[in-house]
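Shown next, in structure tokens, is the structure this report addresses.
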Amino acid sequence: MDKRSMLEKASLFHGHTCEGLLIGVSAASYAMELMEIEGPSADEEIVCVAENDSCSVDAIQSILGCSIGKGNLILRMRGKQAFSFFNRNTGKSFRLVLKELTFDDQAQKREFMLSAPGPEIFDVKDVPFAPPPKAKIYRSQKCPVCGEITAEPWLRVGDGKVICADCLQKDDPIQP
Ligand SMILES: [Zn+2]
Ligand SMILES: [Zn+2]
């Protein structure tokens, strides 16, 4: 798939075409090239750790099949247009960081993003953190205060009872 077709596919998922989507499409396309893969991740073999939650992430989801639901898209919020990729089949990993680029206008930017080769858009760096573990399925139990079924990692102990974070009603780090 060429980048223009990828942009069309991503636009359908995202709802509009925008600058962020162009960044995400470029990252997805370059990542596929570097990992030597042709299509999206059917299972969880390709993992993306995105350092922002902007429009660009939607392109990664629609093109590479990395998604929140499958657990192979992780947001590591750093406010950067940076995307790390891990291929669990080959062990290969790299981090793409958007270069500082300047353009005269939007049309020039769009054309550049669609036609420039990956190395002109992104710096390729080593990933400075460990690959995320595979998605786990946790056991759950009922919170005795609200009665809602809650997965174990999100349960807390309060007043000697195992209760959910919302019922703990303290300065719990995961609230709101
Ligand atoms: Zn957008
Ligand atoms: Zn509760």
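Laboratory data are not the source of any read-out in this text; all were calculated from the coordinates shown. Quantities reported herein were computed from a predicted structural model and do not represent experimental measurements. Using ideal geometry, Cβ is built from the backbone for each residue, glycine included, and neighbour counts are taken over all protein chains shown.
Of all aspartates and glutamates in the structure, those lying under 13 Å Cα to Cα from residue 99, and not within fewer than 8 positions of it along the same chain, are 120, 123.
Between 14, 106, 73, the Cα set farthest toward the positive side of the dipole of the chain (charges on each charged residue's Cβ, about the Cα centre) is that of 73. For residue 65, the amide hydrogen comes within under 5 Å of the amide hydrogens of 41, counting only partners 5 or more places away or on other chains and with H modelled in the peptide plane. Label residue 148 and residue 126 with points 7 Å out from Cα along Cα→Cβ: what is the distance between them in nm? Distance between label points: 4.3 nm. Distance between the 7 Å Cα→Cβ label points at residue 102 and residue 90: 3.6 nm.
If only the Cβ of Lys and Arg carry +1 and only the Cβ of Asp and Glu carry -1, the dipole of the chain around its Cα centre is close to 580 debye.
In the chain, the calculated helix contribution to ellipticity at 222 nm averages -9500 deg cm²/dmol per residue, counting -39,500 (n - 2.57) for every DSSP H run with n ≥ 4. Between the Cα long axis of helix 3-14 and the first principal axis of the chain there is an angle of about 30°, rounded to the nearest 10. Could you tally the net charge around residue 29, taking each other residue with its Cβ under 10 Å from the Cβ of residue 29, Lys/Arg +1 and Asp/Glu -1? Residues close to residue 29 contribute a combined charge of -1. Neighbours of residue 94, meaning other residues whose beta-carbon lies under 9 angstrom from its beta-carbon, give a summed charge of +2 when Lys and Arg score +1 and Asp and Glu score -1. Between residue 116 and residue 159, the modelled labels are 5.9 nm apart [label points 7 Å from Cα along Cα→Cβ]. Size descriptors for the chain, from the alpha-carbon set: Rg then Dmax equal 19.4, 63 Å. The charge dipole of segment 1-65, taken about its Cα centre with unit charges on the Cβ of Lys, Arg, Asp and Glu (plus for the first two, minus for the last two), comes to roughly 300 debye. Residue 44 sits among other residues whose Cβ lies under 11 Å from its own Cβ, and their net charge, with Lys and Arg +1 and Asp and Glu -1, is +1.
Between 0 and 90 degrees, the angle of helix 19-35 with respect to the longest Cα principal axis of the chain falls at about 90 degrees.
Could you tell me which of the pairs 9/136; 9/134; 3/134; 80/109; 3/136 are separated by over 25 angstrom between their Cα atoms in the structure shown? Where the Cα-Cα span goes over 25 Å, the pairs concerned are 9/136; 9/134; 3/134; 3/136.
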